[in-house]
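The values are calculated or read from the model by the stated rules, or taken from the named source; none is laboratory data. Remember, it's a predicted structure, so these values are computed and weren't measured experimentally. For neighbour counting, all protein chains shown are included, and Cβ atoms are generated from backbone atoms with ideal geometry for every residue, glycine included.
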Amino acid sequence: MDRRTFNSAMAAGATTALTPFGIARAQSGKLKVGVLLPRSGVQGLIGQSCQIGADIAPTLIKDILGVDVELMNADTESNVDTARTRAERLIQEGAHVLVGPFDSGAAAAIAQVAEQRGVPFVINIAAAPQITEQGYKFVFRNFPTAIDLTVNGLALIGDLFRAVNVAPRTAVFMHVNDTFGQAMNRGISGTLPKLTNLPFRIVETISYDPAAKDLSVEVSKAKATKADFLLLVCRLNDAIILRREIVKQRWNMMGMVSPGSPGIYEKQFMSSLGKLAEYCISNNPWYNPKTSMTAAVVKQMAKQFPNEKLHHHGANVSYTFESILIAADGFKRARSTNPKELADAIRQVNFTDRVSLGGPIRFNAKGQVEGCLSACLMNKDGRAQVILPASAAETKPVFPWPDFKA
């Protein structure tokens, strides 16, 4: 290398150092999406479910938007600190945008990294309200907050009780003690007293570790309340352990209802529990079976994952796919991978034809999509089926659930 070549190289390096936020970004025709999901650890099965939504995205997005998407997958291992370090690494390796991570604690950590580094972060699933209350400029969430989940979920519980003409008077509330569970606890504690059309009151609240291997003490304590039904905010593994323990202790209540949490509708919940999974009810964000975008997702899943069905994965697939779709649409608008230009373009996204139930995908000033809706789901015949709203119902609601001995 002669002096002239050396000086030219140094000048180019100085220019690169002056790119926004000090992050070098190659201007190419491909969007590199860093996908952060808990594909191992206590939430591993749910992370693997979300991964299906990511894996079908590149082909579908190429067809829909004409945008080339390259996935850069990272496993958060169901650990907040790991999520933070993996986010840093993805940015260092050239990710133009981050997507994920299913968990609220991990989402809060990744949001800090994304904001500090000036890289857009599109949250697929994470409900803790504070994530979009920090004034972040690079963080976007297309998922309801815990408050929205609570309001939607409790309203659907009221609809359920009216549909079956049953009025339980008491409930025991059990919830995981992670960031998401604590946010849901605050939401329910603040919302339930204001809803005069609900017939029940909570007689006791019991929190537990989602990584617990034994919930016998917690179930025994809940059973002792003699509450009419169990109101539950859970994850997947703990929900399986909890349901088995309920049967083991012969707890004969009216049923188990989630106002909004994963676990109960998952394929693994059904396959692990068999008939014991039947008639468990959860009110959750879900896909709209009547949109053309949903039809496209179902078709692509059949090609890439012939043994998987959308109803086995629900929001895990729909919201993960939509988060990558949002990033790709922003990239197409910006015509650049420059972080600030990409974030500004994502802020202008407006999808009316979407997979998930709810209004248009349109971000407010805080980076939050409003109007995401929930469906009341009941496990029947080995899968979650919509029972409310009536316009989307696939089967009739059953509550109280049949005696487990039957």
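Testing VAL122 on (1) more than 17 Å from the chain's Cα centre (by Cα); (2) assigned to a strand (DSSP E or B); (3) of a type in the set (A, V, I, L, M, F, W, C), one condition comes back false. Which one is that?
(1)
Please go through segment 326-374 and give me each residue that is under 18 Å from ILE61 (Cα atoms) and among the hydrophobic types (A, V, I, L, M, F, W, C), ordered by number.
ILE326, ALA327, ALA328, PHE331, ALA334, LEU342, ALA345, ILE346, VAL349, PHE351, VAL355, ILE361
For segment 155-179, enumerate the residues that are part of a helix (DSSP H, G or I), buried (at least 24 other Cβ atoms within 10 Å of the Cβ) and not β-branched (Val, Ile, Thr).
Let us first name the residues in segment 155-179 that are part of a helix (DSSP H, G or I), namely 155-164, 179.
Within this subset, residues satisfying the condition of being buried (at least 24 other Cβ atoms within 10 Å of the Cβ) are 156-157.
Residue satisfying the conditions is LEU156 alone.
For the structure I just gave you, tell me whether ASP75 is farther than 23 Å from PRO285 by Cα and more than 14 Å from the chain's Cα centre (by Cα).
Values: farther than 23 Å from PRO285 by Cα: yes; more than 14 Å from the chain's Cα centre (by Cα): yes.
So ASP75 fits the description; yes.
Of everything in segment 328-370, what is over 23 Å from GLY135 (Cβ atoms), touching a residue at least 60 places away in the same chain (Cβ under 8 Å) and out of contact with any Cys (no Cβ under 9 Å at 6 or more places or on another chain)? Give them in sequence order.
ALA328, ASP329, PHE331, LYS332, SER336, THR337, ASP353, ARG354, VAL355
Looking at segment 279-324, which of its residues are of a type in the set (A, V, I, L, M), out of contact with any Pro (no Cβ under 6 Å at 6 or more places or on another chain) and in contact (Cβ under 8 Å) with a residue 12 or more places away in the chain? Give the steps one after another, and end with the answer.
Taking segment 279-324 and keeping what is of a type in the set (A, V, I, L, M), we get 281, 293, 295-298, 301-302, 310, 315, 317, 324.
Then drop every residue that is not out of contact with any Pro (no Cβ under 6 Å at 6 or more places or on another chain), which leaves 281, 293, 295-298, 301-302, 310, 317, 324.
Selection gives ILE281, MET293, ALA296, VAL297, VAL298, MET301, LEU310, VAL317, ILE324.
Could you grab me the full set of residues in segment 210-242 that are within 28 Å of ALA155 (Cβ to Cβ) and among the aliphatic types (A, V, I, L, M)? Steps first, answer last, please.
Our first condition is that a residue be within 28 Å of ALA155 (Cβ to Cβ); within segment 210-242, this holds for 210, 218-219, 222-223, 225-236, 238-240, 242.
Residues satisfying the conditions are VAL219, ALA222, ALA227, LEU230, LEU231, LEU232, VAL233, LEU236, ALA239, ILE240, LEU242.
Inspect segment 126-138 for any residue being farther than 27 Å from GLN112 by Cβ and either of a type outside the set (Phe, Trp, Tyr) or touching a helix residue (DSSP H, G or I) at 6+ places or on another chain (Cβ under 8 Å) (or both) and give the result as yes or no. Break it down stepwise before answering.
Applying the first criterion (farther than 27 Å from GLN112 by Cβ) to segment 126-138 yields none.
No: zero hits.
Look at segment 376-406 and say how many of its residues are under 21 Å from PRO168 (Cβ atoms), touching a residue at least 24 places away in the same chain (Cβ under 8 Å) and either surrounded by 15 or more Cβ atoms within 10 Å (Cβ to Cβ) or charged (D, E, K, R) (or both).
Residues in segment 376-406 being under 21 Å from PRO168 (Cβ atoms), touching a residue at least 24 places away in the same chain (Cβ under 8 Å) and either surrounded by 15 or more Cβ atoms within 10 Å (Cβ to Cβ) or charged (D, E, K, R) (or both): 14 in total.
If I ask for residues that are surrounded by 17 or more Cβ atoms within 10 Å (Cβ to Cβ) and in contact with a Ser or Thr (Cβ under 8 Å, 6 or more places away or on another chain), which ones from segment 289-304 would you list?
THR294, VAL297, GLN300
Could you tell me which numbered condition ALA334 fails, if it satisfies all but one of (1) under 19 Å from LEU156 (Cα atoms); (2) crowded, with 17+ Cβ neighbours inside 10 Å; (3) assigned by TED's automatic domain parsing to the domain that holds VAL35?
(1)
If I ask for residues that are buried (at least 20 other Cβ atoms within 10 Å of the Cβ) and over 19 Å from the mean Cα position of the chain (by Cα), which ones from segment 345-373 would you list?
ALA345, ILE346, VAL349
What are the residues in segment 385-406 that are touching a Lys or Arg at 6+ places or on another chain (Cβ under 9 Å) and not in a loop (DSSP other than H, G, I, E, B), if any?
Scanning segment 385-406 gives ILE387, ALA392.
Quick one: which of GLU115, GLU133 is surrounded by fewer than 19 Cβ atoms within 10 Å (Cβ to Cβ), assigned by TED's automatic domain parsing to the domain that holds GLY34, over 25 Å from ALA315 (Cα atoms) and touching a residue at least 24 places away in the same chain (Cβ under 8 Å)? Before you say what the answer is, go through the steps one by one.
Working: GLU133 fails: over 25 Å from ALA315 (Cα atoms).
Of GLU115, GLU133, the one residue that is surrounded by fewer than 19 Cβ atoms within 10 Å (Cβ to Cβ), assigned by TED's automatic domain parsing to the domain that holds GLY34, over 25 Å from ALA315 (Cα atoms) and touching a residue at least 24 places away in the same chain (Cβ under 8 Å) is GLU115.
If we scan segment 100-123, do we find a residue that is in contact with a Gly (Cβ under 8 Å, 6 or more places away or on another chain) and among the β-branched types (Val, Ile, Thr)?
yes
Kindly check whether there is at least one residue in segment 305-320 that is β-branched (Val, Ile, Thr), surrounded by fewer than 22 Cβ atoms within 10 Å (Cβ to Cβ), in contact with a strand residue (DSSP E or B) (Cβ under 8 Å, 6 or more places away or on another chain) and under 28 Å from LYS32 (Cβ atoms). Can you show your working first?
Taking segment 305-320 first, the residues β-branched (Val, Ile, Thr) are 317, 320.
Right, trim to surrounded by fewer than 22 Cβ atoms within 10 Å (Cβ to Cβ) and you get none.
Scanning segment 305-320, I find no residue that is β-branched (Val, Ile, Thr), surrounded by fewer than 22 Cβ atoms within 10 Å (Cβ to Cβ), in contact with a strand residue (DSSP E or B) (Cβ under 8 Å, 6 or more places away or on another chain) and under 28 Å from LYS32 (Cβ atoms), so the answer is no.
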